[in-house]
1. Please list, ordered by residue number, the helices (runs of 4 or more DSSP H) wholly in the stretch 46-135 having 2 or more residues that are buried (at least 16 other Cβ atoms within 10 Å of the Cβ) and modelled with pLDDT of 95 or more.
2. Among what's in the stretch 237-264 and is buried (at least 18 other Cβ atoms within 10 Å of the Cβ) and in contact (Cβ under 8 Å) with a residue 24 or more places away in the chain, pick the residue that is farthest from residue 42 (Cα to Cα).
3. Taking residue 6 as the residue in question, decide whether it is under 16 Å from the mean Cα position of the chain (by Cα) and exposed (fewer than 15 other Cβ atoms within 10 Å of the Cβ).
4. If I ask for residues that are within 30 Å of residue 187 (Cβ to Cβ) and buried (at least 18 other Cβ atoms within 10 Å of the Cβ), which ones from the stretch 12-27 would you list?
5. If a residue has to be in contact with a helix residue (DSSP H, G or I) (Cβ under 7 Å, 6 or more places away or on another chain), in a helix (DSSP H, G or I) and in contact (Cβ under 8 Å) with a residue 60 or more places away in the chain to count, how many in the stretch 183-202 make the cut?
6. Among the residues of the stretch 212-228, are any free of Cβ contacts under 8 Å to residues at least 24 places away in the same chain, over 26 Å from residue 87 (Cα atoms) and part of a loop (DSSP other than H, G, I, E, B)?
7. Would it be correct to say that residue 230 is under 20 Å from residue 41 (Cβ atoms), surrounded by 14 or more Cβ atoms within 10 Å (Cβ to Cβ), at pLDDT 95 or above and touching a strand residue (DSSP E or B) at 6+ places or on another chain (Cβ under 8 Å)?
8. Looking for something crowded, with 16+ Cβ neighbours inside 10 Å and on the phi > 0 side of the Ramachandran plot - is there at least one such residue anywhere in the stretch 136-157?
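The values are calculated or read from the model by the stated rules, or taken from the named source; none is laboratory data. None of these values were measured; they are calculated from a predicted model. All Cβ positions, glycine included, derive from the backbone under ideal geometry; neighbour counts span all protein chains shown.
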């Protein structure tokens with residue numbers, strides 16, 4: 001099996017009944033061990049790329065391969081082993097405990113109806129990583145939005161897939177939690193060779209942790225490369241339709257951006 005976690009080859013997609021393409025000829029290859037941020041305004045196609053990469057959506061044209069397989073043409077169990085998907089939001093209608101919900105990430109690995117010692121270890125490790133081990137026996141629905149987000153990240157990690165597709169992983173996290181979580185994920189990716197592709201709205205968090213970024217606008221790729229290559233003043237202004245100050249953090253050398261009101 002090829003070791004390329006994800007390859008998008010001229011991928012286009014339109015929702016049924018619509019002539020407008022949500023994704024327009026997207027081509028990109030994602031390598032092991034890197035954290036890639038997908039950036040762009042609302043409606044740019046960020047979540048659609050992730051859902052296509054997970055196999056939930058089959059493109060109208062082009063090809064998606066995850067470790068050499070089309071995730072939309074294999075069983076959901078096999079697709080889940082290829083890639084773990086973190087949705088932007090999840091409604092849980094049952095009174096599951098945190099441990100029970102995180103354990104659902106092991107479903108694709110179960111050989112029978114009973115969990116193994118490896119399953120229990122993976123769940124415990126994922127909860128510890130996400131800082132939710134202390135909530136293990138609490139109901140998921142009793143937690144705050146930020147705590148629930150960390151539980152869902154733990155569920156994705158418990159899946160132990162080599163590709164993580166994360167839709168707004170820092171949503172509802174406070175500043176310190178967001179930095180700690182994303183920095184931990186980036187370190188894990190580099191250490192373990194896991195590929196992370198994350199749709200993100202916070203540009204500065206993306207600039208802090210991402211090895212590469214993809215900038216989208218109206219379903220098309222405007223730029224794909226290192227933050228220094230992509231996050232340029234004119235590109236940001238054109239895509240987000242507001243003015244920006246682009247600077248460099250003197251403490252860590254990373255770029256940072258400040259959205260600004262355009263001068264009258």
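1. Numbers: elements: 46-54, 76-82, 98-103, 117-130.
Per the criteria, 46-54, 98-103, 117-130.
2. The extreme case among them is 255.
3. No: the conditions fail for residue 6.
4. 26
5. Residues meeting the conditions: 1.
6. Among the residues of the stretch 212-228, not one is free of Cβ contacts under 8 Å to residues at least 24 places away in the same chain, over 26 Å from residue 87 (Cα atoms) and part of a loop (DSSP other than H, G, I, E, B), which makes the answer no.
7. Working: under 20 Å from residue 41 (Cβ atoms): yes; surrounded by 14 or more Cβ atoms within 10 Å (Cβ to Cβ): yes; at pLDDT 95 or above: yes; touching a strand residue (DSSP E or B) at 6+ places or on another chain (Cβ under 8 Å): yes.
It is true that residue 230 is under 20 Å from residue 41 (Cβ atoms), surrounded by 14 or more Cβ atoms within 10 Å (Cβ to Cβ), at pLDDT 95 or above and touching a strand residue (DSSP E or B) at 6+ places or on another chain (Cβ under 8 Å).
8. No; the residues of the stretch 136-157 include none that is crowded, with 16+ Cβ neighbours inside 10 Å and on the phi > 0 side of the Ramachandran plot.
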